[in-house]
Each structure stands twice: as structure tokens, then as C-alpha cells.
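The values are calculated or read from the model by the stated rules, or taken from the named source; none is laboratory data. These numbers come from a predicted model, not from an experiment. Here Cβ is always computed from backbone atoms with ideal geometry, including for glycine, and neighbour counts include all displayed protein chains. The protein model used for the area step is the full one, side chains on, heavy atoms only, and it has no ligands, DNA or RNA in it. Shrake-Rupley method; radii C 1.70, N 1.55, O 1.52, S 1.80 Å.
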Amino acid sequence: MRLRLSDEDATFRAELREFFTTKVPQQIRDTVAARRHLTREQLVESQRILNAAGLAVPHWPVEWGGRGWTELQRHIWHEEMQRACVPPPLAFNASMVGPVIATFGSQAQKERFLPATANLDIWWSQGFSEPDAGSDLASLRTTAVRDGDEFVVNGQKTWTTLGQYGDWIFCLVRTDPDAPKKQQGISFLLIDMTSPGLEVRPIQLIDGGREVNEVWFTNVRVPVENLVGELNHGWDYAKFLLGNERVGVAPVGASKRVLADAKDWARSVDLLGDPLVATRFVELENELLALELTALRVAANSADGKPDPASSVLKLRGTQLQQDVSELAMDLAGPDAAASFAGDRSEAPEWARMSTPVYLNLRKASIYGGSNEIQRQIIAKTILGL
Amino acid sequence: MDFTYDAEPVALRDAVRALLGKTYGDYENRRRIVAAEPGFDEDVWRRLAEMGVLGLPFDEADGGSGAGPVEVAVVAQELGRVLAPEPFVSAVVEAGGLVAAVGTAAQRAEVLGSLSAGERVLTLAHAEPGSRWVAPAAAVVATGQGDRWVLSGTKEPVVHGARADQLVVSAALPDGGTGLFLVDGSAAGLRREGYPLVDGGRAARVTFDGTPAQPLGEAVDRTAEIERVLAAARVISANEALGTMDVALDTTVGYLKSRKQFGVTLNHFQALTFRAADMYVSLETARSLVAWASMVLAEDPDQVVDAADRAGLKVARAGRHIGQEAIQLHGGIGMTAEYSIGAYTAHLTTLEQLHGNGHRHASALAATVADHGEVDPLA
């Protein structure tokens, strides 16, 4: 057991901190600190700065921009980025489709997609969930039927986050409706979102924002070369992707930063000395510390690249705490929290105005990435053997 | 940063687990032992001494084995796993820890030597009626000078206070501050009324009435040393609680897989398995924080008070959660003394009461929460 970072890792951390706080434009970092939505341009600019410095896809194979870091270094990278208010590389690209293509894709697919994916020249959307396939993802019904050198895709995806910005969408589609198990007839397909017959329709959310979309497919023709891996093996790739997704989905660093900011907010409304408020800070700070240390522990255990089932703990607890922190911020704001849409001329401070939309928006965190009930199911079955 | 144990603590863990398993692997046997005086197995205590366990944290020059807090923590986890009632934390970590911190060379050699050899059971008499885990003493007062001192007043609860051969006693000094003294079990004017604790442990009300006492080191203010040792004991007892929670969850999971109702085993009911999953989350996040606090104790002892409060708070919350749910998921059988799970919950409860409950730790941390932005465990 060793408490301290090695000299090498401490230097690594200091260099990343220096980079993130000096090379990423202040205006982007201020937007993150204020908990406002980033524009497409801001996200692209930020990711390209990271990619140019080799910091966008460090966990990919070295050949495609990976850095061969230890799990601990990857953890430090992820935490420092959040700490500095730098938006992490777009998850759909860096954490989801990139590793799938790098692991299961053809050489041609790797060459065509991976550099552009790392640099956010292609903005990927995720086409997994459907109206009748949420937690029960394998019951998806969007079909892809082979017709010569093409698949013809019909159906509907939903909850497509930032789909309005998407260039391409990676989709799970049913290619064998007669497979004995529903998991066996699914394939993983890459689809150009400018294809005829593909339509993106916005879904307005409870925070007033437009973050997710429906994506409709009507006889969309997709070249067979855009099939990833083997036909009807898409479920394996999806499980691989979802396992990766859970690791990054616990934003401990961001929750810590917001909680630290919330101390200033509490001070500004003269509530930090209130014992009831102080106790909530203490409990949240301690739970976040326990979770951060757990993330470090899990990182050390997933050396073979496979997600530790304990990553479900990170997802479950990480999203609970993220929600709890947002709830505390809203409570601190008091009646100013109601002035969400008052605009910048309001006398209510921005953090207070943002607090309600953020609180409402983050209700999604315990639903996406495998709902927290699915995570409990994984813990109960896979870890506890129940 | 590295959370894995080196080979030595792993070997120690295996050896201690094997030794304790022989006596306490059978829960019925544990019940028999705690039902009789002195409430633990003197033979197990001797064997722990032979294994070097009772002298783990002490210098070799003082008769110890010169190991560190990580090894001590590993032993505590094993004791917690089987609810071994031997007074390891009170004797080795608390009383022994204070002797090591402030005792003279002669006191260290004599007291720690015989403690390490299993010849003498030590305890710390510090808690006072109505006191709430504070470092200063008030109800026991020391008077005297030079080497001639006497103590008067009451300490309670004193863990294994009736059985202890020697007590390390905190007492208010005539000129202010809290001093530390050694008192023999056979000293004049010493009254000890022992009683069982709810988890099968033992404590005593210890009354001093002009009782002769020998200053541990010099009779000067030792409040800071007491605070540090109480914090160290908090970290080690958190490790003990971790072992207890670990087995409480295992036992509960085993029960859910075997107990049948409505014609199926209980693990068919998601209302129950989801609660077990939440217990696992509590356990694993507690494990991480306790491991961190143990490393702080080993490598950065100046920060141990804060780390102990944090580990203590987490374990208090996790202990309540796991302890309560363990009984609930068992149903009626969990209420019986015959079955082990209730004793696990009772032990978690007792550990909190002896070393500080969640309210205490949260309150201590609330006093400093405005002093920093983030807590950085990698700093």
C-alpha cells in the first residue's frame, strides 16, 4: 500500500494541470464552470486542442493516438480535466465508437474513421435506445435488411444526445429477426446522418433545453462496408461499449468542483455557517472522497482493459452524488432558483438561476448509461451471485 | 498510489485468519467464550502474542516487531470478520500506543515487552461518564508531584477494565492539561465493576480513590498525544468494522440464496437483491476510504485526525446501513442470539459507541468544512 503518487505520476499530474488551465480557452472553461451548455463549436475547439497535444484519446491503442498510460494516469487525466473545467472529449467519439472500431473494426474502417473521430472532424451520435427498447436494449426493432451491397435500414432510435450536431451515427440494428435469442440477431452499423431517409427530430426536456432527439430511418441505404465486425455479433460490441461507458460516467471530479464552488455560493448567501448546510457539505464531501478512492481502486483492477464489474458501483454512486450536489446548489439558491429564465439582466446570480435547470437536467444521470436499477442488477447478479 | 497489500501483510492476514478461525470459525464456540469470563479466550491471546501480533506496532527495542499501521489494520479486519472479542485495539493500539508515544525507555521496555509477549493485558481508561470522545480528561483528577501521584474519580466505559493487568489512565493535572499515568490492577483504592457489552465484549466502571499512579513519561499535558492515539484507534477500529461488514454482507447474500419462501429462494425477489446491491456499494466505498485512512496513518501521521474523522464517518454510515439491512433481509432469525448476523450488527453498533459515532465525526468535520475547497487525496 502506498499513499503518495510516485514522482513520475506527480509530475504527470502537474503537467496536465498546467496544460488544462493554460491551453484551453478561458471562455470555454468559464462556460463549464457556470454550468451552461457548450456550443458545438466550443466542444470541437476544445477537443482539437486536446487531440493536437495527444490528450483526446489516450486510452485508445497507441497506433491510433493512444498513449499507453497506466490506469492511474488515465484516472488522473480524467480528474484533472474536470477539475480545470475542460469539457472531456465527446464521449460518443472517444469512449464509445472509437474503442469499438479500434477493437472490432476492419483496417479500412480504422483508417477512415479513427483519426477523424479523435479530432472530432466527425461528430458521432449514438443510436441504441428505441421507444420500446430502453433498459431492455436487446428488444430493439430497427431493422437492417441486406440488398446487394447495401443494408436498408428502417425504424426509430431515441434519446440521441446532441443528435442535432451529429455527422454519423453508430447504431444497433436487427439483422436476423429469426435468431433463437434476441441478443443474437443484432449488428453494429455506422450510418452517415446525411443519408436520404434519415431524419432527426428534437425532444424538448424538462429543463427547457434541447439535448436529445429522435432519429427516424426510412429506407436508409447503408453500404455493407459500414458493418463493424461480424454480422449478428453487434450485442458483444454493445456490451463492450457499455462497459467502457460506465467507467467514465461517474464524474467525480466535476461533482467535487461544483461542490467546492457551492461553498462559495453558500458563503455568498451567508449559509455556510448554518449547521444544517455545513453537514450536507460534510456528508457529500466524504461520499465523494470515498467514491474517488474507489475509482482509483477500480482503475488499478482493470489492467486488462475489461471493465471491472465494480464500475457499476461508480456509475450508481457517482450519479447519485452528482444529483445530490445539484440539489444542494438549488436549495442554497432559495427563491432565486425560480428565476431560471430571467436572463443576464436579472439580479439573481447566474449560479442560482442555473441551479433549477441543472437539477432537473441531472435527473437523467441515474437513467442513462444503463439505469441505476440496471447497475443494481449487475451488482446483485455478477458480483454477489444473487 | 497503490491500494494492494504487499506480500507481508497478506501472509500475516492468512496466518491470523487461520488462527482465529480455529476458535471463532464456529459461531457457537464464540457464544460460549463471550458468555464466560473474562469474555475472550486467553489461549487465543497467547497465540496472538506468539505470532508477534500483540507487538506489531512497537519498536523491536521495546519488545515489538516493528511493523506498521497497515499490518495492525489487517489484524483488526480479521478480528472483525469473526467478532473475535480479544482486546486488541484497547490494549495494543490505545494503551500500547500511548506507552510507545510518551513512556520512558524503561516503561516502554517493561510494559510493551510484557504486552507483546502476552503476559499482560493493558487497557486505556480514558472515557468518562458523560464525556463524548474528547481528548482532555476532567472527571479523574491527578494530585502529587515528582514520582508520587494519586488519582481520584471515575472512568467509564473502560474496555476490559476489569480484566486488565495494568491501566493507562488519563487525568486532569493540577496546573491544567491532561496527563497520562500507569496504574496496576492490584493498586490500592482501585475499584472495578465489570459488565458485558451488547456485542459480547466487556467494559467496566473504574473508580480511583487516592489510587497510586506512576506518570507515563512526565506528568505533563498529553492532550495532543491522546487525540492522535484516539484517531489511530478510530482508523484501526474502522478496519475492524470493515471486516465485520464484509462478513455481514456475505452472510446475508448466502441467506438470500438459501432461504425459501413462496416456494423459491429469496434471491428471486428483486426488492431484496437490490438492497443487497446497495449494501455492497456502501461496503466498497467504505473499504476505499478506510484503506486511504490507514495509509495516512502509516505515511502521514500528522494528518491522521482528519483522516480518522472521514473514515469514521463513512464507516458509521455504512455500518448502520449494512447492519440494519442485514437483520431486515434475514427476517426474524436475524433477531435471535443463536444466529450470528444480529451479533454482527451489535458489534458494529458497539464499535461506533466506543470510538465515535457518525454524529461526532460529522460535527468535527463541519467545523473545518469552510476551510478548504476540495479534499484532494492525491495531494
Leading residue by the ranking (nearest to A:Leu140 (Cα to Cα)) among those in the range A:178-237 that are open to solvent by 80 Å² or more (accessible area, probe 1.4 Å) and acidic (Asp, Glu) = A:Asp178
Flagged in the range A:14-25 as surrounded by fewer than 18 Cβ atoms within 10 Å (Cβ to Cβ) and either closer than 16 Å to B:Asp2 by Cα or within 14 Å of another protein chain (Cβ to nearest Cβ) (or both), in numbering order, are A:Ala14, A:Arg17
Filter pass, A:Asp324 being modelled with pLDDT of 95 or more, surrounded by fewer than 20 Cβ atoms within 10 Å (Cβ to Cβ) and under 28 Å from A:Trp77 (Cβ atoms) | yes
Residues of the range B:352-379 being in contact (Cβ under 8 Å) with a residue 40 or more places away in the chain, closer than 30 Å to B:Pro157 by Cβ and not in a helix (DSSP H, G or I), in sequence order, are B:Gly356, B:Asn357, B:Thr368
Kindly list the number of the only condition in (1) free of Cβ contacts under 8 Å to residues at least 40 places away in the same chain; (2) open to solvent by 10 Å² or more (accessible area, probe 1.4 Å) that fails for B:Glu156.
-> (1)
The condition of being over 30 Å from B:Ala337 (Cα atoms), free of Cβ contacts under 8 Å to residues at least 12 places away in the same chain and in a helix (DSSP H, G or I) holds, among B:Ala106, B:Ala18, B:Ala100, only for B:Ala106
Name every residue in the range B:322-351 that is over 13 Å from B:Met245 (Cβ atoms), open to solvent by less than 50 Å² (accessible area, probe 1.4 Å), part of a helix (DSSP H, G or I) and of a type outside the set (A, V, I, L, M, F, W, C), in order of residue number.
-> B:His330, B:Gly331, B:Gly334, B:Gly342, B:Thr350
Among residues of the range A:1-57 being farther than 30 Å from A:Val212 by Cα and outside any helix (DSSP H, G or I), the residue modelled with the highest pLDDT is A:Ala53
Looking only at the range A:70-106, and only at residues there that are open to solvent by 40 Å² or more (accessible area, probe 1.4 Å) and not in a helix (DSSP H, G or I), the one that is farthest from the other protein chains (Cβ to nearest Cβ) = A:Ser106
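What tally of residues in the range A:167-220 results from selecting those that are part of a strand (DSSP E or B) and not small (Gly, Ala, Ser)?
31
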Of the criteria (1) touching a residue at least 12 places away in the same chain (Cβ under 8 Å); (2) surrounded by fewer than 24 Cβ atoms within 10 Å (Cβ to Cβ), which one B:Val111 fails = (2)
Residues in the range B:66-85 that are open to solvent by less than 10 Å² (accessible area, probe 1.4 Å) and not in a helix (DSSP H, G or I): how many?
-> 2
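Find the residue count for the range A:332-349, including only residues that are touching a residue at least 24 places away in the same chain (Cβ under 8 Å), closer than 24 Å to A:Ala278 by Cβ and surrounded by fewer than 21 Cβ atoms within 10 Å (Cβ to Cβ). Lay out the reasoning, then the answer.
So in the range A:332-349, the residues touching a residue at least 24 places away in the same chain (Cβ under 8 Å) come out as A:332-334, A:340-341, A:349.
From what is left, the residues that are closer than 24 Å to A:Ala278 by Cβ are A:332-334, A:349.
Applying the additional criterion that residues be surrounded by fewer than 21 Cβ atoms within 10 Å (Cβ to Cβ) yields A:334, A:349.
Of the residues in the range A:332-349, 2 are touching a residue at least 24 places away in the same chain (Cβ under 8 Å), closer than 24 Å to A:Ala278 by Cβ and surrounded by fewer than 21 Cβ atoms within 10 Å (Cβ to Cβ).
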Residue check: is B:Arg108 among the basic types (Lys, Arg), assigned by TED's automatic domain parsing to the domain that holds B:Gly25 and closer than 18 Å to B:Asp246 by Cα?
-> no
If we keep only residues of the range A:239-257 that are open to solvent by less than 20 Å² (accessible area, probe 1.4 Å) and within 11 Å of another protein chain (Cβ to nearest Cβ), then the residue modelled with the highest pLDDT is A:Ser255
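Given the residues B:Val315, B:Val305, B:Val290, which is the only one that is under 17 Å from the mean Cα position of the chain (by Cα), more than 11 Å from chain A (Cβ to nearest Cβ), part of a helix (DSSP H, G or I) and touching a residue at least 12 places away in the same chain (Cβ under 8 Å)?
Details: B:Val315 fails: more than 11 Å from chain A (Cβ to nearest Cβ); B:Val290 fails: more than 11 Å from chain A (Cβ to nearest Cβ).
On inspection, the qualifying residue turns out to be B:Val305.
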How do the strands (runs of 3 or more DSSP E) wholly within the range B:176-254 filter down when requiring 1 or more residues that are in contact with a helix residue (DSSP H, G or I) (Cβ under 9 Å, 6 or more places away or on another chain) and open to solvent by less than 30 Å² (accessible area, probe 1.4 Å): which remain?
-> B:178-184, B:202-215
Starting from the range A:354-380, take each residue that is open to solvent by 20 Å² or more (accessible area, probe 1.4 Å) and list its partners that are in a helix (DSSP H, G or I) and among the aromatic types (Phe, Trp, Tyr), counting only C-beta distances under 6 angstrom and pairs at least six apart or across chains.
-> A:Arg376/B:Phe274
Kindly list, by first and then second residue, each pair from a residue in the range A:44-63 that is farther than 14 Å from A:Arg29 by Cα to a residue that is basic (Lys, Arg), limited to pairs with Cβ atoms under 6 Å and residues at least 6 apart or on different chains.
-> A:Pro58/A:Arg67; A:His59/A:Arg74
Has the range A:60-67 got at least one residue that is within 14 Å of another protein chain (Cβ to nearest Cβ) and touching a Lys or Arg at 6+ places or on another chain (Cβ under 8 Å)?
-> no
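Could you pull out the residue among B:Gly323, B:Gly263, B:Gly243 that is of a type outside the set (A, V, I, L, M, F, W, C), away from every other protein chain (no Cβ under 13 Å) and at positive phi?
Working: B:Gly323 fails: at positive phi; B:Gly243 fails: at positive phi.
Going through B:Gly323, B:Gly263, B:Gly243 in turn, the sole match is B:Gly263.
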Failed condition for B:Glu8, given (1) within 14 Å of chain A (Cβ to nearest Cβ); (2) in a loop (DSSP other than H, G, I, E, B); (3) open to solvent by 50 Å² or more (accessible area, probe 1.4 Å), with all others met?
-> (2)
Report, by residue number, each residue of the range B:309-320 that is out of contact with any His (no Cβ under 8 Å at 6 or more places or on another chain) and not charged (D, E, K, R).
-> B:Ala311, B:Val315, B:Ala318, B:Gly319
Which one of the conditions (1) touching a Leu at 6+ places or on another chain (Cβ under 8 Å); (2) open to solvent by 30 Å² or more (accessible area, probe 1.4 Å) does B:Asp14 fail to meet, given that it meets all the rest?
-> (1)
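Only one of these is over 22 Å from B:Arg228 (Cβ atoms) and within 20 Å of the chain's Cα centre (by Cα): B:Arg120, B:Arg191. Name it.
Working: B:Arg191 fails: within 20 Å of the chain's Cα centre (by Cα).
Only one candidate qualifies: B:Arg120.
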